[in-house]
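Every number in this text was worked out from the coordinates using simple rules, so none of it is lab data. Every value quoted in this text rests on a predicted model; they were computed, and no experiment measured them. Heads up, the Cβs are rebuilt from the backbone with ideal geometry, glycines too, and the neighbour counts pull from every protein chain shown.
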Amino acid sequence: MQLSRPQPDLDIDYSEVKGKTYSCIDNCALCCLCQPELLPDEATRFRGNPVLAEGVAERHISPEVKGTAIKLKGAHGACHFLESRRCRIYDLRPHFCRLFPVNVFVGWRIQLLANLSCRGMGLPGSSLEDEARRIVARYGRADLCSQLELAKKVFTEFVRNCRDTGVAQSFSSVRNAADSLMDELTDEVGLSRILTFAEHGRTRLNASPVDIAKLVRRSDAVADIQERALMDGAELFDLPDLSLLPIYIDEKMVWEIFELKDKHIVGYVLNEDGTTEEFTRIDPNDVELMPIDEAGRSMLGEYLSTVNSRDCFLGHAAYLSDIDDYEFNFGQTYLGAIANNALDLWWRSSFIAKLNGREELGTKEIRNGIVFFDMDLLDLPTIGAFI
Ligand code: SF4
Ligand code: SF4
């Protein structure tokens with residue numbers, strides 16, 4: 001009798017979902033504004049059923065997504081199958097709808113992530129880790145192994161390119177450097193130093209995290225953070241199509257989108273059918289980064305630590321290195337990416353707080369900022385893949 005060789009355990013990281021609970025909020029349906037793609041076998045199943053076939057779109061709103069997806073009502077409203085914020089085909093809904101609020105990223109290992117734009121996150125209810133384990137079991141080992149093998153090749157090639165061009169830094173070293181710079185990442189002068197370093201500094205190969213952090217602290221704080229936040233913030237809403245604008249769900253479960261129009265940020269309530277109603281109009285120059293109180297800063301730091309441990313974010317910095325032709329040391333690129341995202345989140349938190357008549361950011365305002373931001377962070381281009 002031939003004995004089969006024992007298979008090594010798959011490297012799966014559940015640390016982000018561990019200990020978290022969530023509960024789906026009636027009347028939220030934020031997930032149903034993210035156009036779901038259909039896997040090839042689902043596309044066949046949907047096309048073969050007259051009711052489901054009605055909802056199949058020719059292409060996804062995002063030009064980067066190839067393949068079949070479900071239509072959005074009015075081209076930028078909710079999913080075709082949503083009715084009064086309830087799914088009409090709940091038992092038949094596709095794979096991507098079944099994942100929310102968990103994301104599965106495959107890089108050099110498999111990592112389970114919590115989508116922190118979900119307002120149900122942290123409410124008493126189901127264990128997110130149990131849900132994540134159920135999701136992993138549904139894929140089956142063979143599927144996960146083959147996806148992992150493909151993604152590992154991409155990461156290996158990235159590391160080889162970094163070495164060949166002399167810009168390599170170990171992943172753990174850049175993450176440790178970011179962790180040791182958490183105070184700077186949540187502070188105006190600190191952010192300015194990191195961004196100045198990211199744009200002008202140079203790190204020797206294999207510099208330790210301590211050395212990288214020292215280099216950052218020695219950098220001049222030249223980058224004008226308020227100015228940059230304003231430019232990036234306004235740019236965020238300067239998109240040609242309503243379907244591409246970032247979506248915010250407020251505390252009363254109202255869906256909101258914002259568009260840069262006639263030099264103003266115009267806020268609209270988004271209805272299920274894709275119609276919109278203007279509810280505010282703000283001069284972007286009136287939105288400044290607000291001071292953050294101690295508890296808010298601690299929440300912001302905690303969130304940025306989560307971002308720092310996400311493999312998809314590291315894959316995003318790798319993507320940036322690649323499009324920059326490996327011009328900068330990977331440590332610089334990585335710290336620049338995390339600082340830019342910290343600034344984006346701070347600006348979004350300030351923007352929403354301004355809409356709510358606030359002048360300082362505490363935990364509630366930072367939480368609102370995270371709700372507005374995390375879904376977009378998880379959608380950044382990356383190497384590796386969400387499956
Ligand atoms: S975002 Fe969260 S609370 Fe809202 S519908 Fe999706 S899972 Fe439920
Ligand atoms: S199929 Fe159902 S669960 Fe999925 S996005 Fe559409 S309405 Fe929501």
Original post:
If you take every DSSP beta bridge whose two residues both sit in the chain, what share of them, in percent to the nearest 5, is antiparallel?
Top reply: 90
Subject >> Simple spin-label estimate for Asp324 and Arg204 in nanometres, 7 Å along Cα-Cβ >> reply: 2.1
Original post:
Once you wrap a convex hull around the alpha carbon atoms of the stretch 161-201, what is its projected area averaged over all directions, in nm²?
Top reply: 3.2
Subject >> Cβ crowding within 10 Å averaged over residues, with 305-313, 181-189, 250-258, 336-344 ranked highest first >> reply: 336-344, 305-313, 181-189, 250-258
**OP:** Work the Kirkwood hydrodynamic radius out for the chain: mean of 1/r over every pair of different alpha-carbon atoms, inverted, in Å.
**Re:** 22.3
**OP:** Distance check, please: which entries in Lys152/Lys214; Lys66/Lys153; Lys20/Lys66; Lys71/Lys261; Lys18/Lys152; Lys20/Lys71 exceed 29 angstrom between their Cα atoms?
**Re:** Lys152/Lys214; Lys20/Lys66; Lys20/Lys71
**OP:** Based on the mean of other Cβ atoms within 10 Å per residue, sort peptides 297-303, 40-46 so the most packed one is first.
**Re:** 297-303, 40-46
Subject >> Additional length obtainable on full extension of the chain from Asp238 to Asn49, 0.36 nm per residue less Cα span >> reply: 64.2 nm
Original post:
What is the gain in length, in nm to one decimal, between Asp293 and Ser127 on full extension, counting 0.36 nm per residue of separation less the C-alpha to C-alpha distance?
Top reply: 56.7 nm
Subject >> Segment Asp224-Arg281, extension gain: residue separation times 0.36 nm, minus the distance between their alpha carbons >> reply: 18.0 nm
Original post:
Between Arg98 and Thr165, what FRET efficiency follows from the Cβ-Cβ distance if R0 is 56 Å, with the result rounded to 0.05?
Top reply: 0.85
Original post:
For Leu10 and Lys214, FRET efficiency with R0 = 51 Å and r from the beta-carbon atoms, rounded to 0.05?
Top reply: 0.85
Subject >> Radius of gyration, Dmax [the stretch 120-202; alpha carbons; angstrom] >> reply: 19.3, 50
**OP:** Only residues of the stretch 351-387 count here: report those whose backbone N is under 12 Å from the spot 7 Å along Cα→Cβ of Tyr139, or say none.
**Re:** 385-387
**OP:** Please list, or write none, the lysines whose alpha carbon is within less than 19 Å of the alpha carbon of Lys252, excluding same-chain residues fewer than 8 places away.
**Re:** Lys354, Lys364
**OP:** Compute the whole-percent fraction of alpha carbon pairs in the stretch 186-267 spaced more than 15 Å apart.
**Re:** 68
**OP:** Show me 276-282, 221-227 ranked by packing, highest mean number of other Cβ atoms within 10 Å first.
**Re:** 221-227, 276-282
Original post:
How high is the relative contact order of the stretch 329-379, in percent, counting Cα pairs under 8 Å that sit 6 or more residues apart?
Top reply: 34
